[in-house]
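These notes are about the structure you will find just below.
Bear in mind these aren't lab numbers, they're just calculated from the coordinates by the rules spelled out. Just so we're clear, the structure is a prediction, and the values are computed from it rather than from any experiment. In this analysis, Cβ positions are derived from the backbone assuming ideal geometry, glycine residues included, and neighbour counts consider all displayed protein chains.
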Amino acid sequence: MEKSTGTFKQTVVIVIQDILLLAILSYSIYEGHKDLDQFTGIFLRNFIPLALSTVLGAKLLIRKFRKTVEQDAPPSAA
């Protein structure tokens, strides 16, 4: 059984999203570490918007690829 291209693209999007989230987390901790008195505020100001945009962007791409797979699939004979 062969994987469809859309499913492969969805998997790639999820892997890239995970790597980006780890990078964003590292960046946010690094920026917060510069001023330990304000660590929480700096961390949240950096992490929340970047992580949210990454997750929403990935979700949109996955939906786009899912629609592509559904359009390419032959109608079922159910």
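Taking only DSSP H segments of four or more residues, each worth -39500 (n - 2.57), what value at 222 nm results for the chain once the sum is divided by all its residues, to the nearest 500 deg cm²/dmol? Could the numbers behind the result be given before it?
Values: 2 runs with 63 residues, N = 78.
Calculated at 222 nm, the ellipticity per residue is -29500 deg cm²/dmol.
Placing unit charges on the Cβ atoms only, positive for Lys and Arg and negative for Asp and Glu, gives the chain a dipole magnitude near 300 debye about its Cα centre. If R0 equals 25 Å, the separation of the Cβ atoms of Ile19 and Glu70 corresponds to a calculated FRET efficiency of about 0.35. The shape of the chain can be summarised by an equivalent ellipsoid whose semi-axes, obtained from the alpha carbon gyration tensor, come to 39, 11, 6 Å from longest to shortest. Counted residue by residue at 0.36 nm each, then reduced by the alpha carbon distance between them, the extension gain from Asp37 to Leu56 reaches 3.7 nm. Taking Cα atoms only, the orientation of helix 39-72 departs from the longest principal axis of the chain by about 10 degrees.
If one takes the longest principal axis of the Cα atoms in the chain, at what angle in degrees, from 0 to 90 and to the nearest 10, does the Cα axis of helix 5-33 lie? Rounded to the nearest ten degrees, it is 0. Say R0 is 35 Å: what FRET efficiency, to the nearest 0.05, do Thr5 and Tyr27 get from their beta-carbon distance? Calculated value: 0.60. Along the axis of the charge dipole computed for the chain (Cβ charges of +1 for Lys and Arg, -1 for Asp and Glu, origin at the Cα centre), the listed residues Tyr30, Thr68, Phe8 are led at the positive end by Thr68.
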